[in-house]
Amino acid sequence: MIEPVSDMTIWFVLGTRPEAVKLAPVILSCKKTSFLKPLVIYTSQHQEMGHRFLELFGLQAHYTLPPPPAGRSLCALTTHILAMLDNQFKKGVPDCTIVQGDTTSALCGSLVSFYHRVPVAHVEAGLRTFAPFHPFPEEMNRTIISRIAHLHFAPTPVAFTNLLREGIDRHTIDITGNTVVDALDLITRQGGSFEDKTLREEWEGDFDQAVTVTVHRRESWGGGVRRVALALQELTGRFTRTRFFFSVHPNPAIRREIEDILRDVEGIVLLEPLGYRDFIQLLSRSSLVISDSGGVQEEAPSLGVPVVITREHTERPEVIDAGWGILAGTNSKKIVEAASGYLEGRSEVGHKTMLFGDGRASERIMYRMAEYFGFSDRLQSPPPPPWP
Ligand code: UDP
């Protein structure tokens, strides 16, 4: 524990859409205290997207770093973010850095903090597939972050056990629930109709059920994305009263593959990336989601929607174990079979449970941070554990 002297400055280093969603509730929780001073350092890994997501929660970046060069390789992206962050830290360091998940920004945020001897807290720690290239490079990113971090906020008991197995001191790990559930609570409270024009108009169309689709993982580029698109083409032929709402990732390579196959297919609606409120509304009104996204695997069961996971491995085995998801990979036949099972009611769906927490993860994280800095006497007792 560090002796409290004055306000403690915490830098939240983030640069993508999922980090903005999952850290916003933690930033808001810290802001409610009089002694934790959260500041957002935006790495611009996703140039505009993250800013829009922060704004939705009434937040903005305090420092926005220059964006990486276009068409960048992973190495170019990493070296750029490292250098930009290093410049920022040279101007003055925080008392602690918080990173989330497994992005390049999170990896760079923790590494630069380490080089400047700043302690790191890791939100959503301990997720593992144990396959170094799945997802790529995220599995390696999060494993490295666990070696660097001082505090580990494990979202589930499975993640906690993974960290223990890697020799992380159990006293530095807290099981908090996933902050995505907190974000969902905040967003669903905002209500409102669809903002995206295409989505609003298409939703008025004549169909019986909706399926949400996303695909973006690096390991699916060149081949995998195409096979997901072919599966969707076949599904539209089988389920003529179903509309497939596909939020197409802005990456031009992914976009081209999807548009080539699905542009004029009846039953498919190709959408620009949606704002978080629109996306969550669409998801909650869907009968099924087909996705390779990590966050969507958590959001879907939390909203009572089953998910066909178009990946070979998942770091969220809770979804499969509880009957909320099927791991189909990018094999078109398996995707069609898994999706048909859900849409025809043949596959059993799990009971609606708190798979990923109770919406109080950010309070637990804030409490632990306060304790770490020696301020816990200024708070009431912490929330009870998310699971008994
Ligand atoms: N999302 C969104 N709009 C979209 C597609 C996704 O707001 O059109 C949200 C989704 O709800 C989830 C997050 O983006 O919270 C996931 O981002 P992504 O799939 O890029 O990253 P991952 O979770 O796989 O790291």
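Numbers below:
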item	result
Helical contribution to [θ] at 222 nm, DSSP H n ≥ 4, -39,500 (n - 2.57), averaged over the chain, rounded to 500	-13000 deg cm²/dmol
Charge-dipole axis of the chain as Lys and Arg at +1 and Asp and Glu at -1 on Cβ define it, positive-most pick from GLY323, PRO135, VAL289	PRO135
Within a Gaussian network of the chain (alpha carbon springs, distance under 10 Å), most fluctuating of THR172, THR242, THR214	THR172
Hits among lysines - C-alpha to C-alpha of LYS22 under 29 Å, sequence gap 8 or more where chains match	LYS31, LYS32, LYS37, LYS90, LYS91, LYS197, LYS352
Percent breakdown of C-alpha pair distances by 5 Å bin, ordered from the shortest bin, for segment 1-81	3, 15, 24, 20, 15, 11, 8, 3, 1, 0
Cα-Cα separations in segment 348-388 greater than 12 Å, expressed as whole percent	64 percent
Estimated vicinal HN-Hα couplings, Hz - segment 171-181 in sequence order (Karplus 6.51, -1.76, 1.60; Gly, Pro = x)	6, 9, 10, 10, 8, 10, x, 8, 5, 5, 5
Size of electric dipole in segment 184-299: Cβ of Lys, Arg +1 and of Asp, Glu -1, about Cα centre, debye, nearest 20	220 debye
Largest to smallest accessible area among ASP278, ASP169 [probe 1.4 Å]	ASP169, ASP278
Nearest-20 debye value, the chain charge dipole, Cβ charges on Lys, Arg, Asp, Glu	560 debye
SER293 accessible area, assembled protein chains, probe 1.4 Å, Å²	20 Å²
Protection-proxy order for peptides 96-107, 300-311, each taking the mean of Cβ atoms within 10 Å per residue, highest first	96-107, 300-311
Paired Rg and Dmax values of segment 61-108, which use every Cα atom, in angstrom	11.3, 35
Cα extents of the chain along the three principal axes, largest first (Å)	65, 47, 41
Kirkwood hydrodynamic radius of segment 259-323, Cα pairs, Å	13.1 Å
Whole-percent carbon and sulfur share, accessible surface of the chain, 1.4 Å	51 percent
For segment 240-388, projected area of the alpha-carbon convex hull averaged over all directions, nm²	11.7 nm²
Accessible area (Å², 1.4 Å probe, nearest 10) - LYS334	120 Å²
Estimated FRET transfer efficiency when R0 is 25 angstrom, pair ARG241-ILE320 (beta carbons, to 0.05)	0.30
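The values are calculated or read from the model by the stated rules, or taken from the named source; none is laboratory data. Predicted, not measured: the structure shown is a model, and the values here were computed from it. Don't worry about glycine lacking a Cβ; one is built from the backbone with ideal geometry, like all the others, and counts go over all protein chains shown. The area values use the complete protein model at the heavy-atom level, side chains included, leaving out ligands, DNA and RNA. Shrake-Rupley method; radii C 1.70, N 1.55, O 1.52, S 1.80 Å.
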